[in-house]
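The values are calculated or read from the model by the stated rules, or taken from the named source; none is laboratory data. All values reported here derive from a predicted model rather than from experimental measurement. Backbone-built Cβ (ideal geometry, glycine too); neighbour counts: all protein chains shown.
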Amino acid sequence: MPDSLVFPYYPINDFGPAMKGMVIGGLGIFHVFLAQFAIGGGLLMCYLEWLSQCGKSPDARRFVDNFFKLLVLISFVVGALTGVGMWFTSIQVSPRTIGLMVGEFHWIWAIEWTFFCLEIVSGYAFYRYGERLDDRSRLRLLAVYSLAAWFSLFWINGILSWQLTPGSWVETRNVWSGFFNSSFWPSLIFRTIVSMTIAALVACVVINTMGALDRAARTVLINQSARLLTPMLAMPLLGLWYFASIPADSRAWALGANVPMMMFLVLSIGMSLMIGLYAVFGLIRQKLYVNGATATLLCSLAFAATAGGEFVREGVRKPFTIRETLYSNSIRRGEVEALREKGSVTDDPYPLRHADALPSDQLRLGAKVFRFQCSVCHTLDGANALVHLAGAWSTEQKRVNIARLQRTKTFMPPFAGNPEECEALVQYLEWVVADSPTTWPVSDDRAVLARIQQGLQEAGTQPGEMFTHPARRESR
């Protein structure tokens, strides 16, 4: 590694048997669902307030006031807490990813923050004074809240979609080229429709709690709220548009190349389809009444669909967190070759926990390599554990497969260490599989290291073949 290239190491947190992706993913799904509820809730309240002021819905105003109190409680309190939690866990799990996102789009984040502040201020103003305002002021304040919430989505969507489809930003580093990327518009429209869907379904739950209204009045409100479900008819076309906008290899992961991703995609589509069919034929065409239990079930299906969709959106970026730029283990593409020369953890300043339990320096080296290169996506013996994925491999298979990692599994980044680190990792996994005995022989056969070096050279330092552009394949 050249002296001018100093790798930025960060503390790495251990979540025990829980994979780091499960921690941030679970919190992220919950936060996304709440955020989209807040956005759709603003649109729904604007619509119902307009119906009330036009005399088309005599009970809509009472619902708006009750619904907004729920939205404030959930979105402003729980949503804000999970939002802060997302930043905290993201920094713990992948600080380089967050650093690059903030560094490239700091002004975009600042703009989003101003809209978020406007959303909070206008929302609090309506919560505090809405019942005392005249009709025009009420509608205007709700419109301000709704637009502020939607524009917050607008700016965040550009950054999130950039992670998968950065486009010409990779070469130009132009902020707007990265922001208005190929998946920006289908993603934005799709998320807007999802927001409206979630808000309409939650509204059905809330309406069932309004005991002061008789069943006929509640049915009218439910059917009026259900009109926000109509755009779900466009979801199949938007889904096709979105899939056409992302790279072919990312589509392949979701369509069968990676079984868990395909399963979650099918789950998301299935849940959305059930909601859409019930909405179109039950609520919109037949104008059925939906009781609280059914409405809650529909909300649960919407949450499951959101979870499946977010899992796929995150997964299809593999092996990157920012495509073509930063691997999932926070190593840049251009750093792999240098780290193979010097070693990936040679300058890692952070000590190991329980280092004394490891019987040799080689195992301690292997533990540091695992922590640095593997632990963001894997555990040792918990979720997505290496001892389960690679424990059945022979010692020689471990050496070959890890040295040729991006060829073994094309959704994995290339191994970014030298032969000594690769062998240390192999021995560390062998030691764990053997139930961590108190003694373990050191493996330092030069012939073994030479074979590992040959495997590293044959694999190269670029992503797996599936992630190499045609032009780059031709040049190799």
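Of the candidates A244, A248, A254, the single residue that is within 17 Å of the chain's Cα centre (by Cα) and over 26 Å from C204 (Cα atoms) is A254. Taken over the stretch 266-276, residues that are within 20 Å of the chain's Cα centre (by Cα) and surrounded by 19 or more Cβ atoms within 10 Å (Cβ to Cβ) amount to 3. Counting the residues of the stretch 162-194 that are within 14 Å of V32 (Cα to Cα) and of a type in the set (G, A, S) gives 1. Taken over the stretch 299-321, the criterion of being of a type in the set (A, V, I, L, M, F, W, C) and in a loop (DSSP other than H, G, I, E, B) is satisfied by V316 alone. Taking the criterion of being aromatic (F, W, Y) and in a helix (DSSP H, G or I), the residues of the stretch 427-446 that qualify are Y428, W431. Restricting attention to the stretch 399-426, the residues being crowded, with 21+ Cβ neighbours inside 10 Å, touching a Leu at 6+ places or on another chain (Cβ under 9 Å) and not in a loop (DSSP other than H, G, I, E, B) number 8.
So, of the residues in the stretch 38-60 that are more than 17 Å from V205 (Cα to Cα) and among the charged types (D, E, K, R), which turns out to be surrounded by the fewest Cβ atoms within 10 Å (Cβ to Cβ)? Filtering the stretch 38-60 for residues that are more than 17 Å from V205 (Cα to Cα) and among the charged types (D, E, K, R), the one surrounded by the fewest Cβ atoms within 10 Å (Cβ to Cβ) comes out as K56. Against the conditions (1) modelled with pLDDT of 95 or more; (2) in contact with a Leu (Cβ under 7 Å, 6 or more places away or on another chain), L456 satisfies every one except (2). Counted as qualifying within the stretch 322-398 are the helices (runs of 4 or more DSSP H) with 2 or more residues that are surrounded by 20 or more Cβ atoms within 10 Å (Cβ to Cβ) and under 29 Å from the mean Cα position of the chain (by Cα), namely 336-342, 361-369.
Results for (1) of a type in the set (D, E); (2) crowded, with 23+ Cβ neighbours inside 10 Å; (3) farther than 23 Å from Q224 by Cβ; (4) at pLDDT below 95, shown as yes or no for each residue.
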{"residue": "Y278", "(1), (2), (3), (4)": "no, no, no, yes"}
{"residue": "I284", "(1), (2), (3), (4)": "no, no, no, yes"}
{"residue": "G292", "(1), (2), (3), (4)": "no, no, no, yes"}
{"residue": "L301", "(1), (2), (3), (4)": "no, no, no, no"}
{"residue": "E314", "(1), (2), (3), (4)": "yes, no, yes, yes"}
{"residue": "R317", "(1), (2), (3), (4)": "no, no, yes, yes"}
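Considered as a group, the residues in the stretch 156-200 that are in a helix (DSSP H, G or I), of a type in the set (G, A, S) and free of Cβ contacts under 8 Å to residues at least 60 places away in the same chain include one that is surrounded by the fewest Cβ atoms within 10 Å (Cβ to Cβ), and that residue is S177. Based on this model, can you work out whether T306 counts as of a type in the set (S, T, N, Q) and surrounded by fewer than 20 Cβ atoms within 10 Å (Cβ to Cβ)? No, not satisfied.
Scanning the stretch 131-149 for residues that are in contact with a Ser or Thr (Cβ under 7 Å, 6 or more places away or on another chain), touching a residue at least 24 places away in the same chain (Cβ under 8 Å) and not β-branched (V, I, T) yields Y145, A148. Scanning the stretch 105-130 for residues that are among the hydrophobic types (A, V, I, L, M, F, W, C), touching a residue at least 24 places away in the same chain (Cβ under 8 Å) and part of a helix (DSSP H, G or I) turns up W107, I108, W109, I111, F115, F116, L118, I120, F126. Considering the stretch 30-51 alone, what residues qualify as being without any contact (Cβ under 8 Å) to a residue 60 or more places away in the chain and farther than 20 Å from V121 by Cβ? If the condition is that a residue be without any contact (Cβ under 8 Å) to a residue 60 or more places away in the chain and farther than 20 Å from V121 by Cβ, then F30, H31 are the ones that fit.
A quick yes/no check of all residues on (1) of a type outside the set (V, I, T); (2) surrounded by fewer than 20 Cβ atoms within 10 Å (Cβ to Cβ); (3) not in a helix (DSSP H, G or I):
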residue	(1), (2), (3)
A226	yes, no, no
L237	yes, yes, no
F264	yes, no, no
Y289	yes, yes, yes
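Here T97 meets the list (1) among the hydroxyl-bearing types (S, T, Y); (2) loosely packed, with under 15 Cβ neighbours inside 10 Å; (3) in contact with a strand residue (DSSP E or B) (Cβ under 6 Å, 6 or more places away or on another chain) almost entirely, failing just condition (2). Does W150 satisfy being in contact with a Leu (Cβ under 8 Å, 6 or more places away or on another chain), surrounded by fewer than 22 Cβ atoms within 10 Å (Cβ to Cβ) and part of a helix (DSSP H, G or I)? The answer is yes for W150. Taken together, V102, V64 contain a single residue that is surrounded by fewer than 19 Cβ atoms within 10 Å (Cβ to Cβ), assigned to a helix (DSSP H, G or I), hydrophobic (A, V, I, L, M, F, W, C) and assigned by TED's automatic domain parsing to the domain that holds I222, which is V102.
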